[in-house]
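Engineer: Have a look at this one.
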Amino acid sequence: MRLFKDSIIIACFIAIFCLVSCNKNNNSLTQPATDEPSTTITTPSDDNQTTKEDETENMKLTLKIDGIEVDVIWADNDSVKALKNLAKDGLTINMSKYGGFEQVGSIGSTLPSADTRITTNPGDIVLYSSNQIVLFYDSNTWSYTKLGHINLSKSELIDLLGDEDVVITLSLE
């Protein structure tokens with residue numbers, strides 16, 4: 001009986017060894033090289049995704065400060081494109097007055113940035129630290145990524161932004 005068990009164990013080891021050895025030299029797991037060009041299959045969902053991105057890109061990004069829509073000239077950069085993508089379902093940001101010259105709010109996401117040292121003007125909209133939007137009603141010098149400019153006078157901006165914290169809403173039209 002002992003000899004029978006030993007024979008079965010040895011047979012199992014031999015079988016395992018053979019299977020492992022065969023698999024090691026078997027190249028059937030790799031794709032054979034061919035001279036034929038590869039083809040890409042585009043599914044309808046891929047087309048829909050591209051169409052949605054194109055639609056978002058062609059839509060106008062709007063800014064409301066405490067429910068008041070303001071005229072903005074947006075920069076043409078990757079940061080604004082990413083912001084538009086976030087705003088497609090509406091994006092509400094609670095802003096906080098800071099330093100007596102700006103309102104700052106967390107976007108809730110990280111956007112691509114290309115910070116450079118700039119001196120802002122009243123009405124400038126910038127990205128700070130890749131995740132905060134800043135609206136200026138006075139000037140400041142720091143490293144920012146320019147997002148756009150609100151077309152209002154300094155006094156109109158102070159009336160909108162200078163007294164207390166505000167809520168901004170970004171959306172697409």
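Engineer: For Ile158 and Thr92 in one chain, what is 0.36 nm times their gap in residues minus the Cα-Cα distance, to one decimal in nm?
Structural biologist: Length gained between Ile158 and Thr92: 21.7 nm.
Engineer: Taking amide H positions as placed 1.01 Å from N in the peptide plane, with prolines and chain starts having none, which residues 5 or more places from Asp165, or on another chain, fall under 5 Å of its amide H?
Structural biologist: Lys97
Engineer: Using a Förster distance of 22 Å, how high is the FRET efficiency between Asn58 and Thr110, based on the Cβ-Cβ distance and rounded to 0.05? Write down the numbers at each step before the final one.
Structural biologist: Values: r = 25 Å, r/R0 = 1.12.
Working from the Cβ atoms, E equals 0.35.
Engineer: What is segment 53-125's relative contact order, in percent, from Cα pairs under 8 angstrom and six or more apart in sequence?
Structural biologist: 23 percent
Engineer: Report the relative contact order of segment 60-172, percent, no decimals, based on alpha-carbon pairs under 8 angstrom and at least 6 residues apart. Let's see the in-between values first.
Structural biologist: On the way: 262 pairs, mean separation 43.6, N = 113.
So the answer I get is 39 percent.
Engineer: Would you pull out the residues with amide H under 5 Å of Gly148's amide H, same chain only if 5 or more places away, H placed 1.01 Å from N?
Structural biologist: Counting only residues 5 or more places away or on other chains, the set is Ala75, Ile125.
Engineer: Quote the charge dipole size of segment 60-172 about the Cα centre in Debye, to the nearest 20; the model charges only the Cβ of Lys and Arg (+1) and of Asp and Glu (-1). Don't skip to the end; give the middle numbers.
Structural biologist: On the way: 9 positive and 15 negative charges, 86 e Å.
My answer is approximately 420 debye.
Where a number appears in this text, it was derived from the coordinates with a stated rule and is not lab data. Just so it is clear, the structure is predicted and the values come from calculations on it, not from any experiment. Positions of Cβ are generated from backbone atoms using ideal geometry, with glycine treated the same way; all protein chains shown enter the neighbour counts.
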